[in-house]
1. Would you check which residues across the stretch 118-137 are more than 20 Å from V23 (Cβ to Cβ), open to solvent by 60 Å² or more (accessible area, probe 1.4 Å) and in contact (Cβ under 8 Å) with a residue 12 or more places away in the chain and list them?
2. Going through the stretch 114-139 one residue at a time, which ones are over 12 Å from R156 (Cα atoms) and not aliphatic (A, V, I, L, M)?
3. If I ask for residues that are open to solvent by less than 80 Å² (accessible area, probe 1.4 Å), touching a helix residue (DSSP H, G or I) at 6+ places or on another chain (Cβ under 7 Å) and outside any strand (DSSP E or B), which ones from the stretch 141-175 would you list?
4. Between residues in the stretch 101-117 that are acidic (D, E) and residues that are open to solvent by 100 Å² or more (accessible area, probe 1.4 Å), which pairs lie under 8 Å by C-beta distance while being six or more apart or on different chains?
5. Which ones in the stretch 18-50 are of a type in the set (K, R) and in contact with a Ser or Thr (Cβ under 9 Å, 6 or more places away or on another chain)?
6. State whether one or more residues within the stretch 52-64 are of a type outside the set (D, E, K, R), over 22 Å from E129 (Cα atoms) and at pLDDT below 95.
7. Counting residues that are open to solvent by 60 Å² or more (accessible area, probe 1.4 Å), which strands (runs of 3 or more DSSP E) fully inside the stretch 12-107 reach at least 3?
8. Would you check if E80 is of a type outside the set (S, T, Y), farther than 25 Å from S128 by Cα and touching a Phe, Trp or Tyr at 6+ places or on another chain (Cβ under 9 Å)?
Amino acid sequence: CRVNSVYKINPDTVGIDVMNVSVRNSKRLTVQFSKGISLESGFDVTNYNVKGFGNPVSVSLVDTSYSTVNLFFSQQFTDEQQYTLEIKNVYDNCGNKIPDTEMDFTWYLLYPEYVWVLNKNQLQLKFSEEVDYASAIDETNYIVDNLIGSPNSVVRGTSDPSVIYLQFSLDFTDG
């Protein structure tokens, strides 16, 4: 498929596989392939199907290597229910077809995995999945009792969007 440095045909006959399927949130899956996929086959929503649930409404690329896509669904997955994603008719840019593939996944409702006290007026929250930006930074979504109240600043982690930093104007007290 590619032409090498001496302008000779360099056919690519190496197959393509699904490396990983991960649940990003209640309506989005991320699929990682072993190499870049053709945009035509990779963006065709009918090439992806969740058994008993349906096809995604859209597909987007995650990276410039064309090897990872996001699948967006119109309805939410049910908490703690196992699903099976079917992937068919996806090709790489040299025409190598992925074998029909089925991958199981389960979505779990978003929950805080831990809360760490970073200092006298700052907390770090780690959620079970990536947190939506708009809801993550809304100070009214968080409150600490003992008259501490809501944070005056909320920042979502840049390298890990499941981490939230809360800054309070009042200090925490022992006891």
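1. L118, K120, listed by residue number.
2. If the condition is that a residue be over 12 Å from R156 (Cα atoms) and not aliphatic (A, V, I, L, M), then Y114, W116, N119, K120, N121, Q122, S128, E129 are the ones that fit.
3. Selection gives S150, P151.
4. Listed pairs, sorted by first residue: D104/Q82.
5. R24, K27, K35
6. Taking every residue of the stretch 52-64 in turn, at least one turns out to be of a type outside the set (D, E, K, R), over 22 Å from E129 (Cα atoms) and at pLDDT below 95.
7. 18-25
8. Judged against the criteria, E80 is not a match.
The values are calculated or read from the model by the stated rules, or taken from the named source; none is laboratory data. Predicted model only: the values in this text are computed from it and were never measured. Methodologically, a virtual Cβ is constructed for each residue, glycine included, from the backbone with ideal geometry; neighbour enumeration extends over all protein chains shown. Keep in mind that these areas ignore ligands, DNA and RNA; they rest on the heavy atoms of the full protein, side chains included. Shrake-Rupley method; radii C 1.70, N 1.55, O 1.52, S 1.80 Å.
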